[in-house]
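Please read the structure below before turning to the comments.
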Amino acid sequence: MTPDNAWDMGDPHVDDELITDSDDDEDEEPTSIVAVCPISPELAAQIFSMAELDWTDPDATKAAMTAAGWTSTGDYLGELGERAYTPAGHLVYGDDCLAMPFAYDFWIHPDGAWTEDVWADQPGWHSLVDPPPGTVAAQLEAVVATFTELMGPADHDVTHEPRPEFKYRWRYRAWRRGDNVVVVSPGLDPHSYSQFVHLLVQIRSLPSTAPFPAGRDLPNFSW
């Protein structure tokens, strides 16, 4: 869908048969939504500095997030499974990594995985209803550009090999930081049981001497 294959997909969503259980619903078109919480240069710089941490040390990472002004959910996860959230509204996931979605691409339908826009009421998020083609790709490239301005060109630029069941190619940009790597990419949204897609920034452990995963292995490398 984009010339640089940053987001070259067919339809990653569930088969239409799953949303045609009644004659009434057959005539109701799903509402397409892209929910967005942008990554600012200031937030990117915070993530960049946290990439130096040992993400197997929860005390160190919690202290760094607190110092950055992020709010921990305490001893229990938040309503959407988050462990912390930023002042801008990003939810932070991951036990031994950082996973921060900044956009969700989905549709709502009475018989679909989502029957309402769950992100509409989340502080800091805004929803684009029936957005034009290329909207998701533009969100992805904007965040890649922010990290490129901060960190230079990505150390790794890998395109995910197509999977027939989803008919997509996803592009992963990654920057090495010691024994960690910062990755900006699409991924399958666990909130929808992997029926829809999110865009996210991750910090994952990867020894400096280890090769970056091959395209076919990248889905298992994502949160």
**OP:** Return the total of residues in region 175-212 being touching a strand residue (DSSP E or B) at 6+ places or on another chain (Cβ under 9 Å) and either under 16 Å from H160 (Cα atoms) or β-branched (V, I, T) (or both).
**Re:** 15
Original post:
Any residue in region 16-23 that is modelled with pLDDT under 90, within 28 Å of W107 (Cβ to Cβ) and of a type in the set (V, I, T)?
Top reply: yes
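Residues of region 40-56 being of a type in the set (D, E, K, R) and in contact with a helix residue (DSSP H, G or I) (Cβ under 7 Å, 6 or more places away or on another chain), which ones?
Once the filter is applied, which keeps residues that are of a type in the set (D, E, K, R) and in contact with a helix residue (DSSP H, G or I) (Cβ under 7 Å, 6 or more places away or on another chain), region 40-56 yields only D54.
The rows are residues; the columns are (1) exposed (fewer than 13 other Cβ atoms within 10 Å of the Cβ); (2) touching a helix residue (DSSP H, G or I) at 6+ places or on another chain (Cβ under 9 Å); (3) within 18 Å of P186 (Cα to Cα).
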site: P58; (1), (2), (3): yes, no, no
site: K62; (1), (2), (3): no, no, no
site: G74; (1), (2), (3): yes, no, no
site: A84; (1), (2), (3): no, yes, no
site: A88; (1), (2), (3): no, yes, no
site: L98; (1), (2), (3): no, yes, yes
site: H109; (1), (2), (3): no, yes, no
site: G112; (1), (2), (3): no, yes, no
site: P132; (1), (2), (3): yes, no, no
Original post:
For region 73-170, which fully contained strands (runs of 3 or more DSSP E) count at least 2 residues that are under 22 Å from N220 (Cβ atoms) and in contact with a His (Cβ under 9 Å, 6 or more places away or on another chain)?
Top reply: 98-108
**OP:** May I ask you to list the residues in region 101-111 that are within 18 Å of V136 (Cβ to Cβ) and not β-branched (V, I, T)?
**Re:** P101, F102, A103, Y104, D105, F106, W107
**OP:** Look at W107 and say whether it is more than 25 Å from P131 (Cα to Cα) and not aliphatic (A, V, I, L, M).
**Re:** no
Subject >> Matching option when the condition is farther than 25 Å from E28 by Cβ, acidic (D, E) and surrounded by 15 or more Cβ atoms within 10 Å (Cβ to Cβ), among D179, D157, D117 >> reply: D179
Subject >> Of all residues in region 182-205 being in contact with a Phe, Trp or Tyr (Cβ under 7 Å, 6 or more places away or on another chain) and surrounded by fewer than 20 Cβ atoms within 10 Å (Cβ to Cβ), the one that is modelled with the highest pLDDT >> reply: S205
**OP:** Test A142 against the criterion of being in contact (Cβ under 8 Å) with a residue 60 or more places away in the chain and within 18 Å of the chain's Cα centre (by Cα), and give yes or no.
**Re:** yes
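Table: residues versus (1) touching a Cys at 6+ places or on another chain (Cβ under 6 Å); (2) basic (K, R); (3) at pLDDT 95 or above.
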residue: I39; (1), (2), (3): no, no, yes
residue: L43; (1), (2), (3): no, no, yes
residue: D59; (1), (2), (3): no, no, no
residue: K62; (1), (2), (3): no, yes, no
residue: L77; (1), (2), (3): no, no, no
residue: F102; (1), (2), (3): yes, no, yes
residue: H126; (1), (2), (3): no, no, yes
Original post:
With respect to D11, is the statement that it is under 13 Å from G112 (Cα atoms), modelled with pLDDT under 75 and either assigned to a strand (DSSP E or B) or of a type in the set (D, E) (or both) true?
Top reply: no
Subject >> Residues (in a strand (DSSP E or B), under 25 Å from A142 (Cβ atoms) and of a type in the set (S, T, Y)) located in region 171-223 >> reply: Y172, S185
**OP:** Among the residues of region 89-104, count how many are more than 13 Å from I203 (Cβ to Cβ) and out of contact with any Pro (no Cβ under 8 Å at 6 or more places or on another chain).
**Re:** 3
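The values are calculated or read from the model by the stated rules, or taken from the named source; none is laboratory data. Just so you know, these numbers come straight off a predicted model, no measurement behind them. Here Cβ is always computed from backbone atoms with ideal geometry, including for glycine, and neighbour counts include all displayed protein chains.
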